[in-house]
Amino acid sequence: MDKLVIEGGKKLKGEVRVSGSKNSTLPILAATLLTDDKCVIRNVPKLRDTLTMIKLLRSLGKTVDYNNNTAVISGAANSSSADYKLVSTMRGSFCVMGPLLAKFRTAKVSLPGGCVIGIRPVDLHIKGFQALGAGIEVEGGYVIAKAKQLKGDLIYLGGMFGPSVLATDNVMMAASLATGETIIESAACEPEVEELTEFLIKMGAKIEGKGTPRLVIHGVKKLHGAEYDIGPDRIEAGTFVLLAAATGSTLTLRNVNYSQLLVLMDRLEQCGVKFKKGKDSLTVTGPKKLKPVSVTTYPYPGFPTDLQAQFMALMSITPGISIITDKVFPDRFMHIAELNRMGANIRRDNGAAIVEGVRNLFGAPVMASDLRASAALVLAGLVAKGKTEIHRIYHLERGYENIDEKLKKLGAKIYREKE
Ligand code: UD1
């Protein structure tokens, strides 16, 4: 396995193209199970997670050709059972459950398993499937759903920590082939759910309320093939924006949807970051001296939990105190220990992190604990004095396409070495 080595302290400069959204791609690939027709999905990022989803589709009987960021999916699924080996490595794969249940009236999908960012239950998914008339059993680590017929209903999908992205995806996909009308109240409004809704509509689904907390789905008998271009990854875009801010550099991002980054840009403006919007580009300039800002993560359009770790890394080198709270995954703080190994001064106080900005971080060997925590360590490594070695970079490869190559082109001293 490779480790990533970064020699910090270099300014970055130039342009970077943001890849297609990982979290839009995963449910859209899963949605192709709903039809036997051919689907063409473009701008699919080449990531460990998207490759896992492609493997999962193949294991369910689909034919998938994947070249040059385009996935051509055809043929009929012939199995309703998603294996532990594939589902356990990636929670996103649980969203095959809704399409399988809709197509076969039965589905057996492995529970996604533990995750370092906190307990991640699937009760909302189950509640939604039950409301549509499915009987659910949890047995031997699998969720097994069976229904004679799926029937639309009024479903409230808000949980203890707000709406759920993948539960909304799963229930919407199942409901699109149910009989009658399904109303999902407290649906997740993340742009990735909106993209899935757009794709389902292209497949012939009848859905109102795209991008809102109230989705009305009029079930149809059959869905057909469709083509779709995946939109830019707002989390990758946000990560590059934060890298520019942290290194005091000017970077231009191409293929970016500014309207999905409003809360991040609002907070960064308060930190002193300057930016200029283009049609589908964004130029960001980090200031000489950053100002501290506190953030709390919330469901969209609130501050994204998937940028919390990277923002914390930025605040760790910002003079003054900031408080970072995660209301979506209240235990998502594994990165504190690793940032502190590099000289940061962060302490956890119940559901919040109190960050006291330090003058410098120092390179050190660190361990990536999850996808976004790894991105925070890359940011820290780029600003640190000396050499940082990031181990377990497979986490990073789950969600950032060619990150080391992209950073190299921007002037970063970053390379891979064998462990
Ligand atoms: C998705 C994203 C992930 C992002 C998260 C929140 C994908 C593949 N992943 O994950 O990157 O961090 O949204 O924006 O799209 N919950 C329950 N019961 C459930 C389901 C969730 O209580 O049945 C809780 C979770 O523990 C969490 C909150 O709801 O506290 C939000 O989680 P959810 O939106 O479901 O996250 P995912 O869809 O798994």
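Points to keep in mind about this one:
Listed here are the residues, each with its yes/no results for (1) part of a loop (DSSP other than H, G, I, E, B); (2) modelled with pLDDT of 95 or more; (3) closer than 30 Å to LEU379 by Cβ.
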residue: ALA187; (1), (2), (3): yes, yes, no
residue: GLU195; (1), (2), (3): no, yes, yes
residue: LEU200; (1), (2), (3): no, yes, no
residue: LEU215; (1), (2), (3): no, yes, no
residue: GLY238; (1), (2), (3): no, yes, yes
residue: LEU242; (1), (2), (3): no, yes, yes
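- Residue match in segment 390-398 (condition: open to solvent by 20 Å² or more (accessible area, probe 1.4 Å), hydroxyl-bearing (Ser, Thr, Tyr) and over 15 Å from GLY9 (Cα atoms)): yes
- In segment 246-267, the residues that are assigned by TED's automatic domain parsing to the domain that holds LEU307 form Cβ pairs under 9 Å with partners that are open to solvent by 30 Å² or more (accessible area, probe 1.4 Å) and among the aromatic types (Phe, Trp, Tyr), at six or more places apart or across chains, as follows: TYR258/PHE275; GLN260/TYR300; VAL263/TYR298; VAL263/TYR300; MET265/TYR258; MET265/PHE275.
- Within segment 157-188, the set of residues being more than 20 Å from ILE28 (Cβ to Cβ) and under 23 Å from the mean Cα position of the chain (by Cα) comprises GLY158, GLY159, MET160, PHE161, GLY162, GLU185, SER186.
- Checking each residue in segment 143-156 for being more than 26 Å from PRO330 (Cα to Cα) and under 27 Å from the mean Cα position of the chain (by Cα) picks out ILE144, ALA145.
- Of all residues in segment 292-317 being over 14 Å from HIS335 (Cβ atoms) and in contact with a Pro (Cβ under 8 Å, 6 or more places away or on another chain), the one that is farthest from the ligand (Cβ to nearest atom): PRO292
- Of all residues in segment 33-58, those that are closer than 23 Å to LEU371 by Cβ, open to solvent by 10 Å² or more (accessible area, probe 1.4 Å) and assigned to a helix (DSSP H, G or I) total 4.
- Verdict on THR296 being over 24 Å from LEU251 (Cα atoms), in contact with a Lys or Arg (Cβ under 7 Å, 6 or more places away or on another chain) and open to solvent by 10 Å² or more (accessible area, probe 1.4 Å): yes
- Conditions (1) assigned to a strand (DSSP E or B); (2) free of Cβ contacts under 8 Å to residues at least 60 places away in the same chain: number failed by TYR228: (2)
- Every residue from segment 122-166 that is within 13 Å of the ligand (Cβ to nearest atom) and free of Cβ contacts under 8 Å to residues at least 12 places away in the same chain: GLN130, ILE136, MET160
- From the list THR318, THR325, the one residue that fits, being surrounded by 17 or more Cβ atoms within 10 Å (Cβ to Cβ), over 26 Å from the mean Cα position of the chain (by Cα), of a type in the set (Ser, Thr, Tyr) and outside any helix (DSSP H, G or I), is THR318.
- Of all the listed residues (LEU215, LEU223, LEU200), the sole one being in contact (Cβ under 8 Å) with a residue 40 or more places away in the chain, surrounded by 17 or more Cβ atoms within 10 Å (Cβ to Cβ) and more than 18 Å from LEU33 (Cβ to Cβ) is LEU215.
- Each residue in segment 375-402 was checked for being modelled with pLDDT under 95 and assigned to a helix (DSSP H, G or I), and 4 pass.
- Residues of segment 170-195 that are farther than 24 Å from VAL328 by Cα, crowded, with 24+ Cβ neighbours inside 10 Å and not aliphatic (A, V, I, L, M): SER176, THR182.
- As for segment 340-362, it holds at least one residue that is modelled with pLDDT under 95 and either of a type in the set (S, T, N, Q) or closer than 24 Å to VAL44 by Cα (or both).
- Subset of segment 70-102 (residues that are under 12 Å from LEU56 (Cβ atoms) and hydroxyl-bearing (Ser, Thr, Tyr)): SER79, SER81, TYR84, SER88, THR89, SER93
- Residue in segment 101-108 that is among the charged types (D, E, K, R), in a loop (DSSP other than H, G, I, E, B) and touching a residue at least 40 places away in the same chain (Cβ under 8 Å) present: yes
- Just one of the listed residues (ARG347, ARG359) is part of a loop (DSSP other than H, G, I, E, B) and farther than 20 Å from ASP2 by Cα, and it is ARG359.
- Within segment 45-59, the set of residues being within 14 Å of the ligand (Cβ to nearest atom) and touching a Leu at 6+ places or on another chain (Cβ under 8 Å) comprises ASP49, THR50, THR52, MET53, LEU56.
The values are calculated or read from the model by the stated rules, or taken from the named source; none is laboratory data. Bear in mind that the values here come from a model prediction, so they are computed numbers and not experimental data. Here the Cβ is made from the backbone with ideal geometry for all residues, glycine too, and neighbour counts use every protein chain on show. Areas reflect the complete protein model, heavy atoms only, side chains present, ligands, DNA and RNA absent. Shrake-Rupley method; radii C 1.70, N 1.55, O 1.52, S 1.80 Å.
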